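See below for the structure under consideration.
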Amino acid sequence: MEWDTAAAHAIVLESGGIICDQFGKELSYNKEDLHNPPFVVMSLGDKKLRSQIMSWNW
């Protein structure tokens, strides 16, 4: 649910990381459906890990 991730999302962003869905799109909030899709949290500094995660077949 949105409210379960919103505060953590802000902390991750401020520390230089990213929270995104399986397509690399950042989570959005204030949607009609309050459920979040499957997502990952990662450091933007780890480009190899990010490319591996984006290649997974979710």
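The values are calculated or read from the model by the stated rules, or taken from the named source; none is laboratory data. Here the structure is a predicted model, which means the values were calculated and not measured. No Cβ is skipped: glycine too gets one built from the backbone with ideal geometry, and neighbour counts run over all protein chains shown.
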Handout entry: Members of region 19-58 that are among the aliphatic types (A, V, I, L, M) and either exposed (fewer than 10 other Cβ atoms within 10 Å of the Cβ) or assigned to a loop (DSSP other than H, G, I, E, B) (or both)
Key = Leu27, Leu34, Leu44
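Out of all the residues in region 31-46, which are over 16 Å from Ala6 (Cα atoms) and within 13 Å of the chain's Cα centre (by Cα)? It would help to see each step written out before you state the result.
Within region 31-46, the subset over 16 Å from Ala6 (Cα atoms) is 43-46.
Answer for region 31-46, where residues must be over 16 Å from Ala6 (Cα atoms) and within 13 Å of the chain's Cα centre (by Cα): Ser43, Leu44.
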Fill in the blank from the handout: Looking across region 28-40 at residues that are among the hydrophobic types (A, V, I, L, M, F, W, C) and in contact with a helix residue (DSSP H, G or I) (Cβ under 6 Å, 6 or more places away or on another chain), the single one that is modelled with the lowest pLDDT is Val40
